[in-house]
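Since every read-out is calculated from the coordinates, none of them should be taken as a lab result. Only a predicted model underlies this, so the values are computations on that prediction, with no experimental measurement involved. Reconstructed Cβ throughout: ideal geometry from the backbone, glycine too, with neighbour counts over all protein chains shown.
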Amino acid sequence: MGISLTLKKQIGRFALDVSWEAGDELVALFGFSGAGKSLTLRLIAGLMRPDAGRVQVGGAPFFDSAAGIDVRARDRRLGIVFQDYALFPHMTVEKNIAYGLNGSGAGERKRLVGEMMARFRLDGLERAMPSEISGGQKQRVALARALIGRPALLMLDEPFSALDRPIRLQMREVIREVRSAFGIPLVLVTHDFSEVESLADRVIVYAGGRVVQTGAPAEVRARPAGAQVRELLGTGRGPAGDGVAAADGAAAEAGAAAVAGAAAAAGTHHSGEHQLETVLSQGESHV
Amino acid sequence: MTLFAIRLSLQVAVTATCLIVPVGIFLAYLLARGKFRGKELLDVLLTLPLVLPPTVTGFYLVVVLGRNGVIGSPIHALTGWDIMFTWEAAVLASFIVAMPLMVKTARAAFESVDRQLLDVSATLGHSELTTLLRVLLPLSRKGLIAGASLAFARALGEFGATLMLAGNIPGKTSTAPLAIYNFASNGDWSAANGLVLLFTLISGLFLYIANRYSRRLI
């Protein structure tokens, strides 16, 4: 069933205009920050309203401007994990996870929470507060909370960027497990192509609010569509291959640095994208 | 007389605060999360009693709620009752004058809660009310306690608007601040001394509570 969408959204001078679909696979949205990737997630989740377009997940229409459909965020039941996890700081690990359940009986709740705690290797942390656990553990709590209600889709917004490298590699493994255990489409937002290559079935490359290329990661690596994508991949010279492709190591970090540097230097959409960042952080919300 | 004034003051301030807390939370929530025209105008209107001379606020209250007032006259026609010169009038005066302290503090507390937490709550299928009760209020608890303490201290010390609306009837509507005024104007300084000292202590205590909680807001 998967997900299909067409989205138009104008925020200040930034214009998002994208259209793509994905099956029950892991699709990565890849691009510089400010390209509209996180905005896309917010629009899918129903946290913001598109100016026009259509969002369909698992056969159910959530938004259709032509048909006047706009399902509330809380009725969409889509899992989302934010960059900094957004755990409720006043709730224990157990309560955070249970908050993802709606209206089950007490016994059933306890059983489901226990099941998720075990699946995400959180045993023994039931009573711990989010401030007392590590980054990787927070991430797993956020995943458990998002998945306990059996969402039709899981969205991950830069889920690894706040983690140390060894943990990041572990978390990739966790994501692979989630894929095989839950069998739902996953949308992963990232600006790290090594993450794309190690996790995604398909990559959708964003630049300046538009999709500039889609395909399998290896395909995109081998045949980047134009200078913009080459710049995003951090190669600059095409696919001939520097260290970035092969390695998760220092080369990838260097690649990311090059990407960040290129982003700082990039010209055209810069001010619009900056504006977008501001809007996303201050927030228009229509929950 | 002094004891009566203290008791009345406490009764008025406690009642006013009990009303201010729920109403103030509701108004602060509207201002922090709502999207409607005239939102900032509402904020200004609610804040005005903080900066207007209390007599001006009291004047408005008399004009609106007095026996010949816009709302007061129909109430009087219907029930034969009017609020002027009753202890309820002192509650109302304190309510209006102390409300801005609750609204301002609660709004700031609500706005300092990470919006992403509210978004997450929605994507997990929870209603706005559930999100308010289980996420927003608990995370704003300290700010709300600070706001309520400030409002209580202000309500306890209310003088001008109370004088206008409730009058200064010893044994009926003379709250402790009015009693102090009465003692002083009669030259009874020793009676005034005790009340003044008591007030300073109580108000200082509540300011301390407010500071303690608001410092830990973030």
Q) For the residue pair A:Gln10 and A:Arg109, what label-to-label distance in nm results when each label sits 7 Å from Cα along the Cα-to-beta-carbon direction? A) 4.6 nm
Q | Interchain or long-range residues, amide H under 5 Å from A:Phe160's placed H | A | none
**Q.** Between helix B:141-156 and chain B: long-axis angle, C-alpha atoms, 0 to 90°, nearest 10
**A.** 10 degrees
(Q) Need one value for A:146-157: mean number of C-beta atoms belonging to other chains within 10 Å of its residues' C-beta atoms. (A) 1
Q) Which ordering of A:Arg74, A:Arg230 is given by a fewest-first count of other beta-carbon atoms within 10 Å? A) A:Arg230, A:Arg74
Q: Give the longest segment of chain B that steers clear of chymotrypsin sites (Phe, Trp or Tyr not before Pro) in DSSP loops with at most 16 neighbouring Cβ atoms within 10 Å, not counting the sites themselves.
A: B:86-218
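When the convex hull of the C-alpha atoms of region A:42-101 is computed, what volume per residue in Å³ does it have?
98 Å³
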Q | Positive-end residue, the protein assembly as shown charge dipole about Cα centroid, Cβ charges, pick of B:Ala109, B:Ala176, A:Gly105 | A | B:Ala176
Q | Inter-site label distance for A:Gln170 and A:Phe182 at 7 Å from Cα along Cβ, in nm | A | 2.0 nm
Q. Where does helix B:39-51 land angle-wise versus the long Cα axis of chain B, in degrees 0 to 90, nearest 10?
A. 30 degrees
Q. Can you list residues whose amide H is under 5 Å from A:Ile80's amide H, if they're 5+ apart or on another chain and H is modeled 1.01 Å from N?
A. A:Met155
Q | Long pairs among A:Lys8/A:Lys95; A:Lys95/B:Lys35; B:Lys39/B:Lys172; A:Lys37/B:Lys39; A:Lys95/B:Lys142, criterion Cα-Cα beyond 28 Å | A | A:Lys8/A:Lys95; A:Lys95/B:Lys35; B:Lys39/B:Lys172; A:Lys37/B:Lys39
Q) Of A:Ile69, A:Ser4, B:Ala210, whose Cα points farthest to the positive end of the dipole of the protein assembly as shown (charges on the beta-carbon: +1 Lys, Arg; -1 Asp, Glu; origin at the Cα centre)? A) B:Ala210
Q: Enumerate the calculated ³J(HN,Hα) couplings along region B:170-181 in order (Karplus 6.51 cos²θ - 1.76 cosθ + 1.60, θ = phi - 60°), each rounded to whole Hz, writing x wherever the residue is Gly or Pro.
A: x, x, 9, 10, 7, 6, 4, x, 5, 4, 4, 4
Q) To the nearest 10 degrees, how steeply does helix B:189-215 sit against the main Cα axis of chain B, on a 0 to 90 scale? A) 0 degrees
(Q) Compute for region B:2-215: radius of gyration divided by Kirkwood radius, i.e. Rg/Rh, restricted to C-alpha atoms, rounded to two decimals. (A) 1.04
Q: May I ask you to compute the full-extension gain from B:Val63 to B:Val14, defined as 0.36 nm times their residue separation minus their alpha-carbon distance, rounded to one decimal in nm?
A: 15.1 nm
Q. Over region B:73-162, what lengths in whole Å, largest first, do the semi-axes of the equivalent ellipsoid take, defined as the square roots of 5 times the eigenvalues of the alpha-carbon gyration tensor?
A. 36, 18, 8
Q) What does the charge dipole of region B:2-215 about its Cα centre add up to, to the nearest 20 debye, if the Cβ of each Lys and Arg holds +1 and the Cβ of each Asp and Glu holds -1? A) 420 debye
Q: Diagonalise the Cα gyration tensor of the protein assembly as shown and give the resulting equivalent ellipsoid semi-axes, square root of 5 times each eigenvalue, largest first, whole Å.
A: 58, 24, 21
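Let me have the 222 nm mean residue ellipticity of chain B computed from DSSP H runs of 4+ only, each contributing -39500 (n - 2.57), with the sum over all residues rounded to the nearest 500.
On the way: 11 runs with 163 residues, N = 218.
About -24500 deg cm²/dmol.
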Q: Enumerate the amide H contacts of A:Val211 below 5 Å, restricted to partners 5 or more residues apart or on another chain; note that Pro and chain-start residues carry no placed amide H.
A: A:Ser19
Q) How many Cβ atoms of partner chains, on average, are near each residue of B:112-119 if near means within 10 Å of its Cβ? A) 6
Q. So for A:Asp123, B:Asp119, A:Asp164, B:Asp82, fewest C-beta neighbours within 10 Å to most, what's the order?
A. A:Asp123, A:Asp164, B:Asp82, B:Asp119
Q) Per-residue mean of other chain beta-carbon atoms within 10 angstrom of the beta-carbon, peptide B:130-142? A) 2
Q. Ratio of Rg to Rh for region A:60-143, alpha carbon only, Kirkwood?
A. 1.08
